[in-house]
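One structure below.
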Amino acid sequence: MKKTLLIMTAVALATSSFAQGTLNIVNNVTGNFRAPIYSPEAGNPTTSLSGNTSGGLPAGATAYSGALLAGTGFTVGVYFGPVSVVDPSALTLLATSTFRTGGAAGLFTSLNGFVVPNIAPGEQAKLQVRVWDNVGGTVDTFAAATTRGQSPMFTSNPLGGVSPGGPVLTPDMTGWTSFNIYVIPEPSTFVLAGLGAASLLVFRRRK
């Protein structure tokens, strides 16, 4: 009886471990993929931009005036969910990282072979990259940050591990592009802008 229980436990543990796919969390794969992340636009820090530059892989036509992000003052959060997710708010934080410096600025420290809970090897996941200014480590969530940016949601390649069909190599996190972080206007700014627009409309009607 004890032997049977031990075997059943071992099988359950093996099945549980096989149920977790793996992913290489990166924004630079030599010769294949490169999507560095930028600071706010110099002329208008509230402007949100996305798309690769001519130096990205694949190359694009987006131009950023902000510097490449560097150091531990900025947090990268990778969020995930089932491939069926259509609302970014339904995604869950998977992992965080910080940026490299010097000639590798704009690139974050890779997390290779990271386990993606509850998504089996061979299956795909819905992903989103979110980045924020952590203000010296005092802001630990994307929602609380006043300077932040994010990629659109994208779908991973089949996750790595041992699937029913056999071993699957761990894929790199590709399929998204560069973007910048930007300043989120204070709510009062929107109120003032609305009052200004209303005043302008009244003034035009009086004329």
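Observations on the model:
- Top-ranked residue of the stretch 17-38 - restricted to ones that are in a loop (DSSP other than H, G, I, E, B) and β-branched (Val, Ile, Thr), ranked as farthest from the chain's Cα centre (by Cα): Thr30
- Selection status of Ser84, under 27 Å from Gly136 (Cβ atoms), modelled with pLDDT of 95 or more and part of a loop (DSSP other than H, G, I, E, B): no
- Test: residue in the stretch 124-131 that is polar (S, T, N, Q) and either under 12 Å from the mean Cα position of the chain (by Cα) or at pLDDT 95 or above (or both): yes
- Every residue from the stretch 65-80 that is in a loop (DSSP other than H, G, I, E, B) and either within 20 Å of Gly175 (Cβ to Cβ) or touching a helix residue (DSSP H, G or I) at 6+ places or on another chain (Cβ under 9 Å) (or both): Ala70
- Subset of the stretch 79-132 (residues that are farther than 25 Å from Asn180 by Cα and free of Cβ contacts under 8 Å to residues at least 60 places away in the same chain): Pro82, Ser84, Gln124
- Residues considered: Thr96, Thr47. Of these, the only one that is assigned to a loop (DSSP other than H, G, I, E, B), more than 18 Å from Pro158 (Cα to Cα) and either hydroxyl-bearing (Ser, Thr, Tyr) or touching a helix residue (DSSP H, G or I) at 6+ places or on another chain (Cβ under 9 Å) (or both) is Thr47.
The values are calculated or read from the model by the stated rules, or taken from the named source; none is laboratory data. Fair warning: this is a prediction, and the values are worked out from it, not measured in the lab. For neighbour counting, all protein chains shown are included, and Cβ atoms are generated from backbone atoms with ideal geometry for every residue, glycine included.
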